[in-house]
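See structure below.
The values are calculated or read from the model by the stated rules, or taken from the named source; none is laboratory data. What you are looking at is a predicted structure, and each value in this text was computed from that prediction instead of being measured. A quick note on method: Cβ atoms are made from the backbone with ideal geometry, for glycine too, and the neighbour counts reach across all protein chains shown.
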Amino acid sequence: MSARLGVDIGGTFTDLVVVDEITGALRVGKVLTTPKDPAHGVEQGIHALLDDAHLAARAVGAVVHGTTLATNALIERKGARTALLTTAGFRDALEIRREGRYDMYDIFIDPPSALVPRHLRREVPERLLADGAVQRPLDEAAARRVIADLIGQGVEAIAICLLHAYVNPAHERRLAELVHEIAPHLPVSCSSEVVPEIREYERGSTTTANVYVAPLMARYLEDLERRLAELGIPGQLYIMQSSGGIALPGAAKRFPIRLVESGPAAGALAAAQAARARGEPRLLSFDMGGTTAKACVIDDGVPLVAREFEVARADRFKKGSGLPIRVPVIELIEIGAGGGSIARVDRLGLLKVGPDSAGADPGPACYNLGGRLPTVTDADLLLGYLDSEFFLGGRMRLHREAARRAIEEHVARPLGLGPTEAAWGIHRVVNENMAAAARIHGIERGKDLRQYQLFAFGGAGPVHCWHVARILRVPRILLPFGAGAMSAYGLLSAPLAFDFVRTRRERLDAADWGTINALFAEMEAEGRALLARAGVAATQVRVSRVAEMRYLGQGHEVEAAIPPGTLAPASLPAITASFEAAYRALYQRLPQGVPIEALNWRVTIAGPPPKVALTPAARGGSANARGAVKTTRPAYFAEASDFVPTPVYDRYALGPGAAFTGPAIVEERESTAVIGPGARCRVDDGLEIVVELPP
């Protein structure tokens, strides 16, 4: 078994990559996603890709999978009928939230409703104090009555979130035992296992979301394992987590909330690997697919990681309008801008693009699969950026007239424009939206994106990267080989990894270092045991430690690295310096004379990243760029305010050393790159096209 297979399900397409670990031979594939049965599309894509690669199914030793199924279930409210058991007096914590308004000037704001309706949120008599001491023992008889009543109402899953259970999980564990006694097969999630840290609302929201999607994810993963076995694939299935590590199906079924951003995380990992391979200190990952566009800041080869994010926002672009999920996640800015994003003219006569998407079904108008509304892909086709006969390498024909009709009817006529002007308007609006979101993302983290290089991938990313880069004023663009399936490639570079957290509030100048060392040792031992069961040797385990710290009296924390080894008072200067560097990077200044306190202590345990030397099909390409030109077609460029005869390059004929200038279009089967006038391009030894932008 010498092959590794990566599969990433997106909103419009499912991307696949297979690599032979002995020869390094790489093949990529792309098929339309099957929303009603995602595993069916995966099965079809794997079968086609293995045939294309002339690879037997029995040669596949590992399948790494990223999916948005959990995210979609939360957004569409298609999870299990869930109940919540909580401490008496705290039934409405999920409704009260933080009592803040995500838009203080909008009196009609509509926050997302709780995943658990009030009649299924039940109180149990018990109470723990903040230090974990028992003030009121758990009333097991009352708890049994509550559980039995909920089961009688047909609940399909139960979340348990008791006050201060992150310090003392005894009552939560006993409640879980009672549920299993009464209903042995009912899924149960305890907050002390899912997110054992302080802050009641976020802990409750994450725990209910976890068990809400658990039955769905369990059925899906079991179905996928069955289909892989039927295909004759003997290798282990791994699932990408939001944090950038992979997990076995058992852990994924137990903690499915950690998979919510698994697909987008894989793309950021691929960009981070490219940054490390090139020695690039600053890279901006730009991933645009059929439904969304994602940007991620990568410093020193490592993507930014957040400890909390939101799903199912009532207002997609306003923080605080969604359900908070407290798990580690690669920090991405995501907007509803993809190839399938629908263009429309609003009541004020303004052109809007997204966030609604035509998706895979019915798809853009040019797919001719039933879609009648104009999308970004339709606009790109009219502008000459896409070849109607070479979409997906010729496996799918695009219908130019269908795209023209949709744009004329819904955009051009209402605005009094011609079809080309309307198409350019759609293309420009979506570019401005993506660039504005990326710029704000950078500003919020103290990053000047003008110092970053743009790493563009995804099915639509290379089509739009030229104008996004011009708006952001970045110095150059990097276009990787196989850009259309780069997220699937990122799956193959992910290590087995697990994250752990413990809450203990400590002032650093008076810290109980013995207790802190014990917490770190407990988390590390738990992680090492999990990796050992997965077959990772103890000598290959990597351990990283961080703490969430703040100045005394502040309400929000900043994450800083904790040095390895046993901590002691002598460790204080190094920890303080780490925190101050992180704090200064965000706020450009430090308060004077204020003590520092730590709240949460975190450990990440990871195995070694897979070492896969890739040998793409284009290794046989030539350094003579002229020989790679397969045709010339007119393409619209704003610099000329008109269509320009543009050479079209065969990506697979461009070898290391090839150089050319813009305007240019570079086609591969899964993606097309559009490069504007004045650009200088070269193909490096890693087959990345380096595009130098004109001043």
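Selection within the range 79-123: residues that are in a loop (DSSP other than H, G, I, E, B) and of a type in the set (A, V, I, L, M). The member of this set that is surrounded by the most Cβ atoms within 10 Å (Cβ to Cβ) is V116.
From the residues in the range 331-355 that are touching a helix residue (DSSP H, G or I) at 6+ places or on another chain (Cβ under 6 Å) and in a loop (DSSP other than H, G, I, E, B), which one is surrounded by the fewest Cβ atoms within 10 Å (Cβ to Cβ)? Spell out the reasoning first.
Keep residues of the range 331-355 that are touching a helix residue (DSSP H, G or I) at 6+ places or on another chain (Cβ under 6 Å), which gives 332-333, 335, 337, 339, 341, 343, 345, 351, 353.
Checking the rest, the ones that are also in a loop (DSSP other than H, G, I, E, B) come to 332, 337, 339.
Working: L332: 24, A337: 27, G339: 30.
The residue in question is L332.
Scan the range 402-416 and give yes if some residue there is in a loop (DSSP other than H, G, I, E, B) and touching a residue at least 40 places away in the same chain (Cβ under 8 Å), otherwise no. For the range 402-416, residues in a loop (DSSP other than H, G, I, E, B) and touching a residue at least 40 places away in the same chain (Cβ under 8 Å): absent. Would a scan of the range 201-215 turn up a residue that is over 29 Å from P249 (Cα atoms) and surrounded by fewer than 24 Cβ atoms within 10 Å (Cβ to Cβ)? The answer is no, given that none of the residues of the range 201-215 is over 29 Å from P249 (Cα atoms) and surrounded by fewer than 24 Cβ atoms within 10 Å (Cβ to Cβ).
One residue stands out in the range 508-525 among those that are surrounded by 14 or more Cβ atoms within 10 Å (Cβ to Cβ) and not aliphatic (A, V, I, L, M): the one that is nearest to G461 (Cα to Cα), namely E524. For the range 659-669, the criterion of being in contact with a Leu (Cβ under 9 Å, 6 or more places away or on another chain), assigned to a helix (DSSP H, G or I) and not β-branched (V, I, T) is met by no residue. Selection over the range 575-610 of residues that are within 13 Å of L552 (Cα to Cα) and either part of a strand (DSSP E or B) or not assigned by TED's automatic domain parsing to the domain that holds V546 (or both) gives a count of 4.
Looking at D52, D37, D110, D106, which is the one that is free of Cβ contacts under 8 Å to residues at least 24 places away in the same chain, more than 25 Å from S242 (Cα to Cα) and out of contact with any helix residue (DSSP H, G or I) (no Cβ under 8 Å at 6 or more places or on another chain)?
Details: D52 fails: free of Cβ contacts under 8 Å to residues at least 24 places away in the same chain; D37 fails: more than 25 Å from S242 (Cα to Cα); D110 fails: free of Cβ contacts under 8 Å to residues at least 24 places away in the same chain.
Within the list D52, D37, D110, D106, the selection yields D106.
Filtering the range 481-507 to residues that are part of a loop (DSSP other than H, G, I, E, B), among the hydroxyl-bearing types (S, T, Y) and either modelled with pLDDT of 85 or more or buried (at least 24 other Cβ atoms within 10 Å of the Cβ) (or both) leaves nothing. Among the residues of the range 281-302, the one identified as part of a strand (DSSP E or B), modelled with pLDDT under 90 and surrounded by fewer than 24 Cβ atoms within 10 Å (Cβ to Cβ) is V302.
The condition of being more than 23 Å from E76 (Cα to Cα), of a type in the set (A, V, I, L, M) and crowded, with 23+ Cβ neighbours inside 10 Å holds for only one of A423, A436, A358, that being A423.
Within the range 633-654, residues that are polar (S, T, N, Q) reach partners that are in a strand (DSSP E or B) with beta carbons closer than 6 Å, at six or more positions or on different chains, in the pairs T646/A635; T646/I665. Within the range 436-452, being more than 21 Å from the chain's Cα centre (by Cα) and not in a loop (DSSP other than H, G, I, E, B) holds for R450, Q451. Within the range 655-673, the set of residues being closer than 23 Å to R278 by Cα and either surrounded by fewer than 23 Cβ atoms within 10 Å (Cβ to Cβ) or touching a Cys at 6+ places or on another chain (Cβ under 9 Å) (or both) comprises G655, P656, G657, A658, A659, F660, T661, V666, A673. Per the listing Q273, Q241, the residue uniquely more than 30 Å from G79 (Cα to Cα) and under 19 Å from the mean Cα position of the chain (by Cα) is Q273. Listed by position, the helices (runs of 4 or more DSSP H) contained in the range 177-262 that have at least 3 residues being more than 15 Å from G66 (Cα to Cα) and touching a Ser or Thr at 6+ places or on another chain (Cβ under 8 Å) are 200-230.
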